[in-house]
Every structure is written in C-alpha cells, then in structure tokens.
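The values are calculated or read from the model by the stated rules, or taken from the named source; none is laboratory data. The model shown is predicted, which means the values in this text are computed figures rather than measured ones. All Cβ positions, glycine included, derive from the backbone under ideal geometry; neighbour counts span all protein chains shown.
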Protein chains: 2
Amino acid sequence: MLSKPDISRIRSLAHKKFRWEYKEFIIEGVKMVEELLLNPSVYKIKRLFVRENLFQAPAHIHAEYVTENEMARITSLTSPSPALAVVSIPDPVFIEPQKEHLYIALDGIRDPGNFGTILRLADWFDIKAVYASEDCVELYNPKTVQATMGALLRVPVCYTSLPRLFSDCGMPVAGTLLQGGENIYNIPLPDSGFIVLGSESHGISSEVVPLLTCKLFIPSYRKGSESLNVATAAAITCAMFRKDAPPAAI
Amino acid sequence: MLSKPDISRIRSLAHKKFRWEYKEFIIEGVKMVEELLLNPSVYKIKRLFVRENLFQAPAHIHAEYVTENEMARITSLTSPSPALAVVSIPDPVFIEPQKEHLYIALDGIRDPGNFGTILRLADWFDIKAVYASEDCVELYNPKTVQATMGALLRVPVCYTSLPRLFSDCGMPVAGTLLQGGENIYNIPLPDSGFIVLGSESHGISSEVVPLLTCKLFIPSYRKGSESLNVATAAAITCAMFRKDAPPAAI
C-alpha cells in the first residue's frame, strides 16, 4: 500500500521544480516501462509501481503492487496504465557530433508535445542525437515523455548553446526559413550535419540564422494557408534528408 | 455582463451532446475569429464575445463585451483569448470528388489533435476536401478546432462511408501500410485521387485495404524504432505527393 508521503512525493514529480530537486522523473505506460526494463542503462529505476496481474515485472526487479485507485492518484495520464516507474534523471552528457552523422537541433521549442513528437521522428529517421537550446521545454516534462513513445530511451538529448555548437563545427547546418531559402524539394541535401528546427512562434533565432550553411523553405501549395506545425515541418524535412538513404531492414 | 444561463449554455458546448443539441460550436482565439469575421460564408456567427480594447470587431457585427473573468469562465483554452465566437454547425454538404484533385480520407482518426493537425496540413498542401469515416473524432471538438489553426474555415470536411466513396470512383486510392507496400520515396505517385490515413492504433481498416489502388509504406531508418504519429506520417505523405507540383506564389 502506498503511504500518503509516497503519493505526494510521486505526484510532486509532475512539477519541474521537484523533478530537479529530487533528480527524478516518471516513465509510465506498459510499452515504455517494458522497454525501460529491457534497456536500463541510461535511466536507473528508483521505484516501479505495477498493477497485480496486469503487468509482469522481471524477477530481479523489485516491483510494488498498487491498486487501481492508488495508480489513479500517482499517474499523470488521463487513463492510468498498469505500470509506472520513478526514474533517476541522469547527469547531462555532451555528445560530440561526428562528421558522418545527421543530427537535429531544436531552437526554442516550447510545446512538450512537439518536443516529444520530434524525438519520436529522430528515432525513426536514425538521427544520432538531438541538441536542444537552453530555452527549449524540458525533456522530463510528463507530456514530452509521453509524446516520445519511448524514443527518449533511444535518442540522446543534449541541452546546449546552439551558436557555440555550430561555430567552427565544419558541418552543414540546415534550417527551414519562412522566406528566402531554397525550395526543399528541389535541391540536393547533405546526408550529415544538423537540421535546425525553430520555435513555434518565432522560428529560428536571430543568433542562429547567420550560422546556417543551407537555408531551406517548405513551400505551400495554397495561397493564404497559415503555417505548418513544427513537428510536421520536422517530419517533411527529415524525410527529404533521408529519402535517398537505404532504409533499415524490417 | 454574462448571465448565469449564458455561461452555462456556452460552457455546455464543450460537450458533443450539447453541440449537436444546439447545433453550435465554439471558435476562439484572435487569429481564428478574425478569419471567421472576414469569411463568414460557411460558419454563421450566433454570438461574439470580446474583451474591450483587446479585440476590435467590425461595426456591422454585434459584439458583446466581457470581462477577463467572464472570458475565463466560457473558454476551453488554458489561457483565455480576447475573442470567442459561438458559431452554427452547418448542415452537412457532400463534396463530389473531382478527378483532377487530391483529397485526404481519414479512416478512424480518434485523436482531436491529430485530426486538426491533418486539416492544417490539408490546407497547406491544397487538398480540396477531407473525407472522414463516421468513427473519426468530431470536427467541432474544441481540441480539433484549435489544432486546425483556422484550416477548418478553408478545407471542407465530409463525414461519409469510405468504402462507398472509393468503390467505383475511378480515382487512385493511396494508403500507407505498415508492411507490404512500395517505398513511398521510390515510386511515382499520382497527382490526384485520395490519400488514406489510418487510425492511430489499427491503421487502415480491413474494409478499406482491398480498395487501395496504391499501397505505400514509409520506411524507417533505424531498426526497432517504434512508429510514426499519424499526423507526421500525413505530412510526409502529402509532401511526397506534392513535391513536383508548382507551389503557390508567396
């Protein structure tokens, strides 16, 4: 049975302040927790709460059984799932970009759903790491975690200064602009380097624009159409960068 | 000043039951309401609530001034905007598909955010209409309306039986499958017909799969990557269908 202090401690992890105070966040949902259990290298499980008979934890993991009611009190999902893990926030590790790989750089992405969806895309398109400017939303926000559908277990995320990252990196830095770039469907694209995605409201920041070596735009096919959501723009951009590469074997 | 019955009537439109009882729904946010006012042909405004000095309604429209507090009581947004319109749900109109145009067909899309985002894409890619199976989420759900960012004012949506629509239409019917289709990046695609997008959990339904004339798949570039969100898959598919067409003049 969960004690009151347990419940309030776990619930507090919905707030950034407490996630960083305790250096813990929550991964929940059967698929994500199963994947976490298979691959615990980066994220260490502190506590694992499961519904009896609904989720089978491996024998070497100490799982705590909770009732439906208790799970409903600690979840951040609208319909609680049978498994919820409290996980350590790992110490930040900087991934040195390699000249032969493709990376995504997020410049001021504020919406956790967009951040998570882009991480899911990064996994799909074999992006080796995602670099995020310091003003991006937090990776451990429950809505970000949920939107990744597990990709946060597979794609490393580094918060860093993008101008510092791009200066003298000697790698292509591509970004889509609202005006003045080349039509993304018409020009050959590099198969390595950085794809920069700008914020929902302001696009790529003024410190980053001068560092772009490849300025692109995604054309619209109807005059007066509003704009693309940043996650759908990311999908189109990644597809155009990868389309001539050999896909993964199924 | 808003009366209590006014407030409860407007709030009730957050629920499908009352939307259809009153045949009304809500459009809110400055940009969407401005666009609605410019183009009131399909959606008739029943009442318009605005914050004084924060939103300027045209002289011929009767706007009702509300306080910040009143707006907070009738909004479905987390941060209330200066303008909210109660709008009539129009009678359904069936759009007869034309052989030269490109359409999207949604097969069991349940998430209002995905539905709205796809409508926004449809606007961007000059899709002439969106056909939705009867089990799709409702267009007038506040989350759908919000995610369209105004595209619902520009792209007609018809709820209909997809098998009936596709049978004997004599037009290409393209859909992405998880297995067994052609790599979307490698084959020539028709420039008209239907792009079918399947449900988040089950993909394209078993009644529709046999009617596909063009079976596609979007390859992954990393073994073990989970799946694409349907709105990002829609973005990639639309881009591949349109990439060789002339874009709209800016």
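Counting residues in region A:191-200 that are over 21 Å from the mean Cα position of the chain (by Cα) and either within 13 Å of another protein chain (Cβ to nearest Cβ) or under 17 Å from B:Phe125 (Cβ atoms) (or both) gives one or more. Residues that are touching a strand residue (DSSP E or B) at 6+ places or on another chain (Cβ under 9 Å) and in contact (Cβ under 8 Å) with a residue 12 or more places away in the chain are absent from region A:220-229 altogether.
Report yes if A:Glu35 is of a type outside the set (A, V, I, L, M), surrounded by 14 or more Cβ atoms within 10 Å (Cβ to Cβ) and over 13 Å from A:Met71 (Cα atoms), otherwise no.
So A:Glu35 fits the description; yes.
Could you list, in sequence order, the residues of region B:228-242 that are facing chain A (nearest Cβ under 7 Å) and either surrounded by fewer than 19 Cβ atoms within 10 Å (Cβ to Cβ) or under 13 Å from B:Leu177 (Cα atoms) (or both)? B:Leu228 - this is the single residue of region B:228-242 that is facing chain A (nearest Cβ under 7 Å) and either surrounded by fewer than 19 Cβ atoms within 10 Å (Cβ to Cβ) or under 13 Å from B:Leu177 (Cα atoms) (or both).
Of the residues screened, A:Asp135 is not one that is of a type in the set (D, E, K, R), touching a helix residue (DSSP H, G or I) at 6+ places or on another chain (Cβ under 9 Å) and more than 24 Å from B:Ala231 (Cβ to Cβ). Scanning region A:142-165 finds one or more residues that are more than 10 Å from the chain's Cα centre (by Cα), in a helix (DSSP H, G or I) and within 21 Å of A:Asp126 (Cβ to Cβ). Of the residues making up region B:144-154, just one is modelled with pLDDT under 95 and more than 17 Å from B:Val30 (Cβ to Cβ), namely B:Arg154.
Looking across region A:70-87 at every residue that is among the small types (Gly, Ala, Ser) and out of contact with any helix residue (DSSP H, G or I) (no Cβ under 7 Å at 6 or more places or on another chain), the one that is surrounded by the fewest Cβ atoms within 10 Å (Cβ to Cβ) is identified as A:Ser79. Here A:Phe49 qualifies as part of a strand (DSSP E or B) and more than 19 Å from A:Glu138 (Cβ to Cβ). Checking each residue in region A:42-72 for being of a type in the set (A, V, I, L, M) and more than 19 Å from A:Arg9 (Cα to Cα) picks out A:Val42, A:Leu54, A:Ala57, A:Ala59, A:Ile61. All conditions in (1) under 26 Å from B:Ile236 (Cα atoms); (2) more than 14 Å from chain A (Cβ to nearest Cβ); (3) in contact with a strand residue (DSSP E or B) (Cβ under 7 Å, 6 or more places away or on another chain) hold for B:Ile104, with the sole exception of (2). The listed residues are A:Gly116, A:Gly108, and the only one of them that is touching a His at 6+ places or on another chain (Cβ under 8 Å) and under 30 Å from A:Thr176 (Cβ atoms) turns out to be A:Gly108.
Grab the strands (runs of 3 or more DSSP E) fully contained in region A:167-220, keeping just those with 1 or more residues being hydroxyl-bearing (Ser, Thr, Tyr) and surrounded by 13 or more Cβ atoms within 10 Å (Cβ to Cβ). Full working, then the answer.
On the way: elements: A:173-176, A:193-198, A:214-217.
The strands (runs of 3 or more DSSP E) meeting that bar are A:173-176.
Being outside any loop (DSSP other than H, G, I, E, B), among the hydrophobic types (A, V, I, L, M, F, W, C) and modelled with pLDDT of 95 or more is a property that does not hold for A:Ile109. Are any residues in region B:158-191 closer than 16 Å to B:Asp107 by Cα, out of contact with any Cys (no Cβ under 9 Å at 6 or more places or on another chain) and modelled with pLDDT of 95 or more, and if so, which ones? Matches in region B:158-191: B:Cys158, B:Thr160, B:Ser161, B:Leu162, B:Pro163, B:Arg164, B:Phe166. Among the residues of region A:81-97, those identified as part of a loop (DSSP other than H, G, I, E, B) and in contact (Cβ under 8 Å) with a residue 40 or more places away in the chain are A:Ser81, A:Pro82, A:Ile89, A:Pro90, A:Pro92, A:Val93, A:Phe94, A:Ile95, A:Pro97.
Suppose the filter is among the hydrophobic types (A, V, I, L, M, F, W, C), outside the structural domain of B:Ile118 (by TED's automatic domain parsing) and either assigned to a helix (DSSP H, G or I) or out of contact with any Cys (no Cβ under 9 Å at 6 or more places or on another chain) (or both); does B:Ala248 pass it? For B:Ala248, the condition - among the hydrophobic types (A, V, I, L, M, F, W, C), outside the structural domain of B:Ile118 (by TED's automatic domain parsing) and either assigned to a helix (DSSP H, G or I) or out of contact with any Cys (no Cβ under 9 Å at 6 or more places or on another chain) (or both) - is met. In summary, A:Asp135 fulfils each of the numbered conditions (1) buried (at least 24 other Cβ atoms within 10 Å of the Cβ); (2) part of a loop (DSSP other than H, G, I, E, B) with the single exception of condition (1).
Kindly indicate whether any position in region A:180-189 is closer than 27 Å to A:Glu96 by Cα, more than 13 Å from chain B (Cβ to nearest Cβ) and not acidic (Asp, Glu). Yes, that holds for at least one residue.
Per this entry, A:Ala122 is not counted among residues that are part of a strand (DSSP E or B), hydrophobic (A, V, I, L, M, F, W, C), more than 22 Å from A:Arg19 (Cα to Cα) and in contact with a strand residue (DSSP E or B) (Cβ under 9 Å, 6 or more places away or on another chain). Kindly establish whether B:Thr160 is facing chain A (nearest Cβ under 8 Å) and either touching a residue at least 40 places away in the same chain (Cβ under 8 Å) or crowded, with 18+ Cβ neighbours inside 10 Å (or both). So B:Thr160 does not fit the description; no.
So, in region B:109-132, how many residues would count as being in contact with a Ser or Thr (Cβ under 7 Å, 6 or more places away or on another chain) and buried (at least 22 other Cβ atoms within 10 Å of the Cβ)?
10
Taking B:Ile10 as the residue in question, decide whether it is part of a loop (DSSP other than H, G, I, E, B), in contact (Cβ under 8 Å) with a residue 24 or more places away in the chain and not assigned by TED's automatic domain parsing to the domain that holds B:Ala129. When the stated conditions are applied, B:Ile10 does not pass them.
Tell me, yes or no, whether region A:133-141 has at least one residue that is within 24 Å of A:Val86 (Cα to Cα) and among the polar types (S, T, N, Q). Yes, the conditions are met somewhere in region A:133-141.
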